[in-house]
Amino acid sequence: MPIKKRAPVDRTMEEWGIWAKTHREGLEAKYGNEQHAHERRGTGTNLIVNQNSDSSYYGSLAIGTPPTSYNVILDTGSSISDLWVADYQCTTGCEQVPTFNPTTSSSFQNQSAPFSITYGSGQAAGSLGQDVVQMAGFSVTNQVFAVCNQVSSGLLTAPVSGLLGLAFPNIASSKAEPLWHTLVTGGAWDSPLMAFHLTRYINSSGVQTEEPGGSFSMGFVNSTLYTGDIEYIDMPVQGSYWILPMTSISVQGNAINLPSGQSSYAAIDTGTTLVGGPSRYIAQIFDQIPGSQPGTGNFQSYYTYPCDTTVNVELSFGGKNWSISPADFRLSQLTRNTCLGAFFELTTGGSAPSWIVGDTFLKNVYSVFRYQPLSIGFAQLSDAANALSGSNSPVPSPTIGSSAATVSATSPASPSGSGNAAVSRKMGLASSTRYGFLIAFWTGSVAAGFLL
């Protein structure tokens with residue numbers, strides 16, 4: 001069999017330096033250098049997967065001893081901050097989904113507390129456990145998470161096994177400290193932040209169910225993926241959701257008048273496909289697009305518009321104006337002449353923000369979620385980052401890796417006051433009390449799922 005020589009990887013000096021240091025320290029730890037075996041690793045990258053033409057983005061982590069890899073949706077906007085995965089005893093809704101078997105992990109501890117979460121499209125329920133969880137070279141030795149043996153059909157799409165909440169501790173239904181929060185407060189990261197680059201395949205031909213999705217960086221920003229400065233905007237409220245004020249929207253060069261204060265708050269949500277907002281302002285957006293029409297039936301709360309119209313939208317959160325590609329604004333072509341817009345009417349409830357800004361926007365920027373000082377940053381994507389969208393590249397595989405940074409989570413006094421870690425999120429398509437559900441659009445015989 002002939003041997004093919006692979007072309008050398010084109011790395012910058014900075015990237016080679018990081019690789020060389022990691023390689024040396026990893027090898028020393030492997031062969032018994034105790035100094036590096038217990039030394040903290042400062043940065044990590046999780047290569048992510050783009051699922052169903054930008055509908056969702058998932059990464060991988062490992063649970064247990066010995067560790068087993070699982071794919072999870074990476075969700076900065078979930079109204080819970082918990083990690084949950086499907087249990088091996090799950091009989092419905094888990095077909096072809098890798099499941100977690102607590103009996104195969106010598107480090108698993110049952111917390112003897114029930115857990116449940118209700119979405120607009122179904123429910124996941126089970127019980128809380130505690131185990132070693134590893135991600136991107138970091139390890140939390142006692143992470144509390146949910147093992148769900150009841151999952152509604154359609155809630156998980158193989159090969160995804162669950163969800164990793166990346167919001168703040170006070171909205172964790174388990175009352176446990178979220179994985180990312182343990183790492184940042186435990187000093188495991190070089191810098192107290194995490195960052196995303198998301199790829200675009202929605203406008204590509206021959207798209208596969210799974211494509212390269214970009215990267216999730218922990219403890220650093222990847223300077224090869226953006227150009228210019230990162231514009232950080234301080235969060236107007238302390239952590240529950242990752243929130244910024246939506247200060248301006250322009251459509252086709254025309255400004256939409258927005259309120260100020262709490263009514264302007266927008267959750268910046270990697271776990272949502274689209275952009276949702278109050279019906280009054282969504283209507284004003286589509287008023288700027290000649291020929292647009294409110295949707296009916298399953299498309300109620302959405303708008304259609306002529307496919308021969310190029311729609312230019314810009315958002316601002318108190319600083320620069322950030323453009324959304326017309327390809328991202330066009331969610332789908334329903335007929336020869338009719339396209340579906342990616343902005344929709346959303347009614348939130350309780351303390352949830354009025355706007356939910358998902359991947360329709362986030363694909364267009366390099367986004368940074370900074371813990372200290374508490375802020376969210378955006379930067380212009382580099383040519384190298386843009387070139388990854390639509391590329392014919394291999395899909396990253398789940399990896400376990402070595403964990404050079406190990407920290408412990410803060411143990412809650414009790415998973416909940418009554419010993420029952422349960423949260424209910426009851427939502428509908430048009431009037432959702434939370435934004436965070438899976439909906440399905442049926443166009444002819446084709447179904448496309450969108451995570452919200």
So the FRET efficiency between T296 and N101, C-beta based with R0 = 60 Å and rounded to 0.05, is 0.85
Once the mean 1/r over all distinct Cα pairs of the stretch 210-295 is inverted, what Kirkwood radius in angstroms do you read off?
16.1 Å
Given A158, N257, N142, which one lies farthest toward the positive end of the charge dipole of the stretch 109-261, if we put +1 on the Cβ of every Lys and Arg and -1 on the Cβ of every Asp and Glu?
A158
Rolling a 1.4 angstrom probe over the protein heavy atoms, how many square angstrom per residue are accessible across the stretch 221-319?
41 Å²
Where the centre of each part is set by its Cα atoms, how far does the stretch 351-381 sit from the stretch 46-92, in angstrom?
20 Å
Rounded to the nearest whole Å², what accessible area per residue is found for the stretch 35-190 with the 1.4 Å probe?
31 Å²
Quick P(r) readout (the stretch 56-120; Cα-Cα; 5 Å bins; whole %) gives 4, 13, 21, 28, 23, 10, 2, 0
Measure off, as a whole percent, the carbon and sulfur share of the 1.4 Å-probe accessible area of the stretch 127-215, all protein chains present.
41 percent
Extension gain T309-Q89, at 0.36 nm per residue separation less the Cα-Cα distance, in nm?
74.2 nm
Can you tell me the convex hull volume per residue for the stretch 125-224, based on C-alpha atoms, in Å³ to the nearest whole number?
144 Å³
On full extension of the chain, what length is gained from T335 through A387, given 0.36 nm per residue of separation minus the C-alpha to C-alpha distance?
15.8 nm
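The values are calculated or read from the model by the stated rules, or taken from the named source; none is laboratory data. Please read all numbers here as calculations on a predicted model, not as lab measurements. Please note: Cβ atoms are built from the backbone with ideal geometry, for glycine as well, and neighbour counts cover all protein chains shown. What goes into the accessible areas is simple: the full protein's heavy atoms, side chains included, and nothing from ligands, DNA or RNA. Shrake-Rupley method; radii C 1.70, N 1.55, O 1.52, S 1.80 Å.
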